[in-house]
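S.K.: What follows is a structure written as structure tokens; I'll ask about it next.
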Amino acid sequence: MPKITFIEHDGTQHTVDAEVGKTVMQAAMDNLVPGIDADCGGECSCATCHVMVNADWTGTVGGPNEAEDSMLDLNPERAANSRLSCQMTVSDDLDGLIVDLPEFQF
Amino acid sequence: MSEAPTLDMADFDPQDLALEDIDVSQRSIWIHDKKMAFFERLRDEAPVHYCKDSEYGPYWSVTRYKDIMEIDGNWQDFSSEPAITILEPEEDFPLPMFIAMDPPVHDEQRKTVQGSVAPANLKLMEETIRSRTQRVLDDLPIGEQFDWVDRVSIELTTQMLATLFDFPFEDRRKLTRWSDVATADEESGIVESEEARQAELYECLEYFTRLWHEREEQGERSDLVSMLAQGEATKNMTPQEYLGNLILLIVGGNDTTRNSMTGGVWALNQNPGEYAKLRNNPGVIPNMVSEIIRWQTPLAHMRRIANKDYVLDGQTIKAGDKVIMWYLSGNRDERSIDRPNEFIIDRDKARQHLSFGFGVHRCMGNRLAEMQLRILWEEVQKRFHMVEVIGEPKLVPSNFVHGYTEMQVVLHPH
Ligand code: HEM
Ligand code: FES
């Protein structure tokens, strides 16, 4: 299974096994990674599954889709590498992916 | 055919009515607290339900959690303009506000102010809010009956708004009044007439215009008036737009949080087992706050207008139709929420509720509201064994603001 590493704002790292076909958000939730709320359950409608993609991975992962982009815009702390993790599907290409978690979800 | 007399829903068991005769917007079922049974029938038998005639004209009711999520998340097909409640706006007194605008203008205006209630800024406000909360609680009488709505819920939300606007503290009850007036209609008893209502709202505008001029020149500040006065997307607003956005922030932050503060006490009183859980484990408070907000659902609905024909659960909503998303019903939908009628403070996935809406209009103040409620409960638990409700609270007679006008309580210290 591909491995994904979530880094909390305070630096704590969580490396988890992610199931192919599920979303990165689900991988975090299934493994009890703190710092992702996912209030809408993955419908791209709450923006509380915000992550920042590690610089080495932005090319592989790509940017947000249109709906995701408009939700991300609701966050003043949005960065250039921001994504909503419920809109990222786990695949073998993402094995080793590293994402940073924001200090707060909003 | 002569016009049939309107049925008073409150006289009926929902099961005894033909589906097509049901009108969940009727005030009587809200006044007599009978709406939940009507919503249950709609969820089971007509989750996308057309009411062909009501006080507000024809409208669709959407009552299931998943369907509400689908519509709320789809601003392209469901417009928030020109208003977000079932009631039609006053044509001669428009109050433009970004909650009732579609992208892109909505986004531009929201971006100007949302930083004020984003978590980083809230962290700076937390200590002020906590010390004010402590003061309000410390002044309450012990063992003596009083109105929790007035002494705690209104007082705390009003103080919070005064902090957000950096509003003269001694005048803060004006904010409460303006919030009540803004959502009043002639039947509410709050104002005598529509003219009186507008006159008071102009007073609000005048007061805030003074603050605007003072702050325009004062350099960067993080209060909401300064943000509006200095923001690129908002600094050239017309007076009516300024008033609209002020009212949005005042009403948005006021009734909702106020009624969650009251609703939480009421829910715990009706569920002594949950109250005991809270006493044994104050760590549950953040989770309980979400459960209170779900259980209360301070705004019972939001409305949209369909931009095109749209099929949902086999029904065709026509372009131009009014669609009401009943959050209060969706939050009781057993298809999406486990044991939805129960109040469970350590509920799994408690954050997954509809009370803040979803999509681009999702409540801007949701983290502020949660923080306020968390602080309130942390401080209440430090002081009191029980906030005991005496009798039953009085309900706001509205199908939009789902809350309380009065709730008598007695405090029991540890
Ligand atoms: C428990 C408390 C609260 C509840 C239940 C609540 C509920 C809601 C709901 C249902 C919406 C509309 C969502 C939609 O159309 O999808 C909304 C929007 C909004 N709320 Fe709240 N609210 C609360 C507290 C607050 C507070 C404290 C503020 C103060 C700043 C606030 C400001 C706003 C604003 C500005 C909007 C418009 C957002 C937009 O259109 O983009 N709310 N709220
Ligand atoms: S879980 Fe809500 S947007 Fe990702």
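The values are calculated or read from the model by the stated rules, or taken from the named source; none is laboratory data. As the structure is a computational prediction, the values presented were derived from the model and not from experiment. For neighbour counting, all protein chains shown are included, and Cβ atoms are generated from backbone atoms with ideal geometry for every residue, glycine included.
S.K.: Find all pairs meeting these conditions: Cβ atoms under 9 angstrom apart; at least six residues apart or on different chains; first residue within the stretch B:259-287 and at pLDDT 95 or above; second residue among the hydroxyl-bearing types (Ser, Thr, Tyr) and outside any helix (DSSP H, G or I).
M.R.: Short answer, once both residue conditions are applied: B:Asn259/B:Tyr404; B:Ser260/B:Ser355; B:Thr262/B:Tyr404; B:Gly263/B:Thr297; B:Gly263/B:Tyr404; B:Trp266/B:Tyr404.
S.K.: While we're looking at this one, here's another question. Got a sec? Which of B:Val323, B:Val360, B:Val389, B:Val396 is within 16 Å of B:Leu268 (Cα to Cα) and β-branched (Val, Ile, Thr)?
M.R.: Numbers: B:Val323 fails: within 16 Å of B:Leu268 (Cα to Cα); B:Val360 fails: within 16 Å of B:Leu268 (Cα to Cα); B:Val396 fails: within 16 Å of B:Leu268 (Cα to Cα).
Answer to the check: B:Val389.
S.K.: Looking at A:Ala67, A:Ala47, A:Ala27, A:Ala18, can you tell me which residue is crowded, with 21+ Cβ neighbours inside 10 Å and either within 16 Å of ligand 1 (Cβ to nearest atom) or among the β-branched types (Val, Ile, Thr) (or both)?
M.R.: On the way: A:Ala67 fails: crowded, with 21+ Cβ neighbours inside 10 Å; A:Ala27 fails: either within 16 Å of ligand 1 (Cβ to nearest atom) or among the β-branched types (Val, Ile, Thr) (or both); A:Ala18 fails: either within 16 Å of ligand 1 (Cβ to nearest atom) or among the β-branched types (Val, Ile, Thr) (or both).
After ruling out the rest, the residue left standing is A:Ala47.
S.K.: Filtering the stretch B:339-373 down to residues that are part of a helix (DSSP H, G or I) and more than 14 Å from every other protein chain (Cβ to nearest Cβ), which residue is farthest from B:Leu164 (Cα to Cα)? Spell out the reasoning first.
M.R.: First, the residues of the stretch B:339-373 that are part of a helix (DSSP H, G or I): B:366-373.
So of that shortlist, the ones also more than 14 Å from every other protein chain (Cβ to nearest Cβ) come out as B:372-373.
Numbers: B:Gln372: 13, B:Leu373: 16 Å.
My answer is B:Leu373.
S.K.: Any residue in the stretch A:73-84 that is within 7 Å of another protein chain (Cβ to nearest Cβ) sitting within a Cβ distance under 6 Å of a residue that is part of a strand (DSSP E or B) and of a type outside the set (A, V, I, L, M)? List the pairs, counting only those 6 or more apart or interchain.
M.R.: Sorted first by the residue in the stretch A:73-84, then by its partner, the list stays empty.
S.K.: Moving to a separate point now. Taking the criterion of being of a type in the set (S, T, N, Q) and within 27 Å of A:Phe106 (Cβ to Cβ), would at least one residue in the stretch B:119-126 satisfy it? I'd like the intermediate steps shown before the answer.
M.R.: Looking only at the stretch B:119-126, we keep the residues that are of a type in the set (S, T, N, Q), and these are B:121.
Pick out the ones that are also within 27 Å of A:Phe106 (Cβ to Cβ) and you get B:121.
Scanning the stretch B:119-126 turns up at least one residue that is of a type in the set (S, T, N, Q) and within 27 Å of A:Phe106 (Cβ to Cβ).
S.K.: Looking only at helices (runs of 4 or more DSSP H) that fall completely inside the stretch B:64-146, which ones have 3 or more residues that are more than 14 Å from chain A (Cβ to nearest Cβ)? Let's see the steps before the verdict.
M.R.: On the way: elements: B:65-72, B:105-114, B:119-138.
Passing ranges, in order: B:119-138.
S.K.: Further question: Being touching a residue at least 12 places away in the same chain (Cβ under 8 Å) and over 21 Å from the mean Cα position of the chain (by Cα) narrows it down to one residue among B:Asp67, B:Asp77, B:Asp72, B:Asp92; which is it? Spell out the reasoning first.
M.R.: Details: B:Asp67 fails: over 21 Å from the mean Cα position of the chain (by Cα); B:Asp72 fails: over 21 Å from the mean Cα position of the chain (by Cα); B:Asp92 fails: touching a residue at least 12 places away in the same chain (Cβ under 8 Å).
Among B:Asp67, B:Asp77, B:Asp72, B:Asp92, only B:Asp77 is touching a residue at least 12 places away in the same chain (Cβ under 8 Å) and over 21 Å from the mean Cα position of the chain (by Cα).
S.K.: Could you pull out the residue among B:Asn307, B:Asn331 that is within 16 Å of ligand 1 (Cβ to nearest atom) and surrounded by fewer than 19 Cβ atoms within 10 Å (Cβ to Cβ)? Let's see the steps before the verdict.
M.R.: On the way: B:Asn331 fails: surrounded by fewer than 19 Cβ atoms within 10 Å (Cβ to Cβ).
Checking each option against the conditions leaves just B:Asn307.
S.K.: Considering only the stretch A:53-101, how many residues are within 16 Å of ligand 2 (Cβ to nearest atom), out of contact with any Lys or Arg (no Cβ under 9 Å at 6 or more places or on another chain) and either part of a loop (DSSP other than H, G, I, E, B) or among the aliphatic types (A, V, I, L, M) (or both)?
M.R.: Residues in the stretch A:53-101 being within 16 Å of ligand 2 (Cβ to nearest atom), out of contact with any Lys or Arg (no Cβ under 9 Å at 6 or more places or on another chain) and either part of a loop (DSSP other than H, G, I, E, B) or among the aliphatic types (A, V, I, L, M) (or both): 8 in total.
S.K.: B:Glu144 is checked against (1) buried (at least 16 other Cβ atoms within 10 Å of the Cβ); (2) in contact with a strand residue (DSSP E or B) (Cβ under 8 Å, 6 or more places away or on another chain) and fails just one. What number does that condition carry?
M.R.: Going through (1) buried (at least 16 other Cβ atoms within 10 Å of the Cβ); (2) in contact with a strand residue (DSSP E or B) (Cβ under 8 Å, 6 or more places away or on another chain) one by one, B:Glu144 breaks only (1).
S.K.: If a residue has to be among the charged types (D, E, K, R), touching a Pro at 6+ places or on another chain (Cβ under 7 Å) and under 26 Å from B:Val152 (Cβ atoms) to count, how many in the stretch B:206-260 make the cut? Even if it seems obvious, please write down each step before you answer.
M.R.: Quick first cut of the stretch B:206-260, residues among the charged types (D, E, K, R) only: B:206, B:210, B:214-217, B:220-221, B:223, B:232, B:235, B:241, B:255, B:258.
With the extra rule that they be touching a Pro at 6+ places or on another chain (Cβ under 7 Å), the set shrinks to B:241, B:255.
Filter once more, keeping what is under 26 Å from B:Val152 (Cβ atoms): B:255.
Qualifying residue count, the stretch B:206-260: 1.
S.K.: For the stretch A:29-50, give me each residue that is within 10 Å of ligand 2 (Cβ to nearest atom) and not in a loop (DSSP other than H, G, I, E, B). Lay out the reasoning, then the answer.
M.R.: Going through the stretch A:29-50, the residues within 10 Å of ligand 2 (Cβ to nearest atom) turn out to be A:29, A:36-50.
Selection gives A:Met29, A:His50.
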